[in-house]
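To start, the structure itself, in structure tokens.
The values are calculated or read from the model by the stated rules, or taken from the named source; none is laboratory data. Note that the coordinates shown come from a computational prediction; the quantities given were computed from them, not determined experimentally. Neighbour counts run over all protein chains shown; Cβ positions are idealised from the backbone, glycine included.
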Amino acid sequence: MRILVLTNLYPPHDAGTRDFRCQETTEALGRRGHTVRVLTSNHGAGTGQRDQEIERRLFLEGVHGHPPLVRFAELRNRERHNNNVLREVVAEFQPDVIHVWGLHGLSKALIYTLQRLARPTVYAVYDDWIANGIRHDPWLRWWNRPTGPILSGLWRFILELSGRRNRIDLETPTRMMPGYERLPELYGSEKDISAVQPNSISCFRFEHIYFCSYLLKGQTERAGFQVQHAAVIYPWVRAESFAASPRPQSAPLKKFLIVAPLIPESGVMTALEAWRLLRDMRINVSLSIYGWGRSDYIAKLRSFVVANQLPVEFLTLSSTQRDLVEIYRQHDVFLHTAEWDEPFAQAPFEACAAGLPVVCSRAGGIHELLRHGETAFTYTAGNAVELASRVQELQIQPALRRQVVENAQQLVFSELSESAVVDRVEQYLELAQRPATESPA
């Protein structure tokens, strides 16, 4: 297959996160013999890049340090550039299928351009760029909101009355087709948006789409988008890189580890409160924290540790992907304390591959695979008392702990390995190229 990958960021010029899923999947497809080209933004690349494998020619706005655009002329120039680049690359590369990843910071009007190009297109969704991102797109919002600033409304009225919107729409799409001039369910008041029904918005068509979890798929449906037909393909884990034998049942569990973004929603403060309870119960266990995030929240965490004299250290790694393999092996238990509906977290499954028991909150997409007493030990998100009790259970139930670890490790290697997940992605990309009347084998 000739696969064009469309995404907002692509390593090494990313936004400093640990999420390399697009790159890893793209490179895995390349290793299978497919011809792949990536079209992404010029973030971190200055004037851009253009070669046979990667084209960094799109412009971001409003994210990752790129300022938002407000004036109509600026928006139109940005839209014209990005949409023209997409059309140019498709015409030159002639892909069999277009694989669309995150579009945060890129115009969602690119979706309409893709529809008009009539190429098989597959959307891979790992965050809320559809569920929330489309509502905040400045270009589409300018054209399709029911009301707005008086001057903007007057200018829009003139463009529509004179027929200029139709001419603009040919180059820089403003809607799916004439007749969708206003979209209150997407760009209206809070009352308009709150009244939207699941799967009711028909102006965006995602014929071939898969999500990283049922949680994210459900959120997107409830936001109104018609994605009830979507597949769910869980992300893959570099299981072989992290693989290690589980600890013996008799081995003491002394060293716990958290790897997470250090933001309030991460629930790390709940872990520290649980550690204070464990200290009062004279349960001697340490906690290492590796993360990145908000400086004010990190300062709050450090102050809590110092004030309560907790056995907690904050780790700094020189190379996240390389160093984490050894970090997992130096610890006995992994904690995942998220307190938000995170679509899918990678680190808990890396820890499973490394043979560590995982204690995780029942929040986010990972609870679809990590179930209490089967593949993990779970607790109610935000409940420090329950978390502390789970730590106690690990100590007094070594046989159950060993069985849970073995179940989780088997799950990762059978369901979340590179070969298993890339098989599913490859098959889905092939399915998208079949005629609509042809059913899968």
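Residue under question is Pro120, and the condition is that it be in contact (Cβ under 8 Å) with a residue 40 or more places away in the chain and of a type outside the set (S, T, N, Q); does it hold?
On the way: in contact (Cβ under 8 Å) with a residue 40 or more places away in the chain: yes; of a type outside the set (S, T, N, Q): yes.
Here the answer is yes, as Pro120 does meet what is asked.
Taking the range 110-123 as the search range and keeping residues that are over 23 Å from Thr35 (Cβ atoms) and surrounded by fewer than 21 Cβ atoms within 10 Å (Cβ to Cβ), which one is nearest to the chain's Cα centre (by Cα)?
We begin by selecting, within the range 110-123, every residue over 23 Å from Thr35 (Cβ atoms); these are 111-112, 115-116.
Imposing the further condition that a residue be surrounded by fewer than 21 Cβ atoms within 10 Å (Cβ to Cβ) reduces the set to 115-116.
Details: Gln115: 23, Arg116: 27 Å.
By that ranking, first place goes to Gln115.
Which condition number does Gly224 fail, the rest of (1) more than 19 Å from Gln346 (Cα to Cα); (2) buried (at least 19 other Cβ atoms within 10 Å of the Cβ); (3) not assigned by TED's automatic domain parsing to the domain that holds Asp127 being met?
(3)
In the range 294-309, which residues are of a type outside the set (D, E, K, R) and in a helix (DSSP H, G or I)? Show your work before the answer.
Let us first name the residues in the range 294-309 that are of a type outside the set (D, E, K, R), namely 295, 297-299, 301, 303-309.
Hits for the range 294-309 are Ser295, Tyr297, Ile298, Ala299, Leu301, Ser303, Phe304, Val305, Val306, Ala307, Asn308.
Is it the case, given these coordinates, that Met281 is out of contact with any strand residue (DSSP E or B) (no Cβ under 7 Å at 6 or more places or on another chain), under 20 Å from Gln397 (Cα atoms) and not acidic (Asp, Glu)? Break it down stepwise before answering.
Working: out of contact with any strand residue (DSSP E or B) (no Cβ under 7 Å at 6 or more places or on another chain): yes; under 20 Å from Gln397 (Cα atoms): yes; not acidic (Asp, Glu): yes.
It is true that Met281 is out of contact with any strand residue (DSSP E or B) (no Cβ under 7 Å at 6 or more places or on another chain), under 20 Å from Gln397 (Cα atoms) and not acidic (Asp, Glu).
Out of all the residues in the range 407-420, is one or more without any contact (Cβ under 8 Å) to a residue 24 or more places away in the chain, over 27 Å from His208 (Cβ atoms) and more than 21 Å from the chain's Cα centre (by Cα)?
From the range 407-420, those without any contact (Cβ under 8 Å) to a residue 24 or more places away in the chain are 410, 414, 419; that's our starting set.
Among the residues that remain, those that are also over 27 Å from His208 (Cβ atoms) are: 410.
The next check asks that each one be more than 21 Å from the chain's Cα centre (by Cα); those that pass are 410.
Yes: one or more hits.
Is there any pair with a first residue in the range 381-399 that is within 18 Å of Ser266 (Cα to Cα) and a second that is of a type in the set (Gly, Ala, Ser) whose Cβ atoms are under 6 Å apart and which are 6 or more apart or on different chains, and what are they?
Pairs found: Ala381/Ser361; Ala381/Ala363; Ala384/Ala274; Leu387/Ala274; Ala388/Ala274.
Specify the residue that is surrounded by the fewest Cβ atoms within 10 Å (Cβ to Cβ); the eligible residues are those in the range 246-293 that are assigned to a loop (DSSP other than H, G, I, E, B) and in contact with a Ser or Thr (Cβ under 7 Å, 6 or more places away or on another chain). It would help to see each step written out before you state the result.
Pass one, the range 246-293, residues assigned to a loop (DSSP other than H, G, I, E, B): 246-254, 263, 267, 281-285.
Keeping just the survivors that are in contact with a Ser or Thr (Cβ under 7 Å, 6 or more places away or on another chain) gives 254, 267.
Numbers: Lys254: 13, Gly267: 26.
So the residue we want is Lys254.
So how many residues does the range 357-406 have that are in a loop (DSSP other than H, G, I, E, B), farther than 19 Å from Asp332 by Cα and either among the basic types (Lys, Arg) or out of contact with any Leu (no Cβ under 8 Å at 6 or more places or on another chain) (or both)? Let's see the steps before the verdict.
Pass one, the range 357-406, residues in a loop (DSSP other than H, G, I, E, B): 357, 362-364, 369-371, 373-375, 380-383, 397.
Within this subset, residues satisfying the condition of being farther than 19 Å from Asp332 by Cα are 362-364, 369, 371, 380-383.
Now restrict to residues that are either among the basic types (Lys, Arg) or out of contact with any Leu (no Cβ under 8 Å at 6 or more places or on another chain) (or both): 362-363, 371, 380-383.
Qualifying residue count, the range 357-406: 7.
Yes or no: the range 424-434 includes at least one residue that is surrounded by fewer than 22 Cβ atoms within 10 Å (Cβ to Cβ), in a loop (DSSP other than H, G, I, E, B) and among the small types (Gly, Ala, Ser).
Within the range 424-434, none of the residues are surrounded by fewer than 22 Cβ atoms within 10 Å (Cβ to Cβ), in a loop (DSSP other than H, G, I, E, B) and among the small types (Gly, Ala, Ser).
Any residue at all in the range 57-73 that's over 22 Å from Trp129 (Cβ atoms), free of Cβ contacts under 8 Å to residues at least 60 places away in the same chain, out of contact with any helix residue (DSSP H, G or I) (no Cβ under 7 Å at 6 or more places or on another chain) and in the same structural domain as Tyr126 (by TED's automatic domain parsing)?
yes
Quick check on my filter: what residues within the range 234-245 are within 29 Å of the chain's Cα centre (by Cα) and either more than 30 Å from Asp423 (Cα to Cα) or not in a helix (DSSP H, G or I) (or both)? Don't jump to the end; show me each part of the working.
Here is the first cut: in the range 234-245, the ones within 29 Å of the chain's Cα centre (by Cα) are 234-244.
Once the filter is applied, which keeps residues that are within 29 Å of the chain's Cα centre (by Cα) and either more than 30 Å from Asp423 (Cα to Cα) or not in a helix (DSSP H, G or I) (or both), the range 234-245 yields Tyr234, Pro235, Trp236, Val237, Arg238, Ala243, Ala244.
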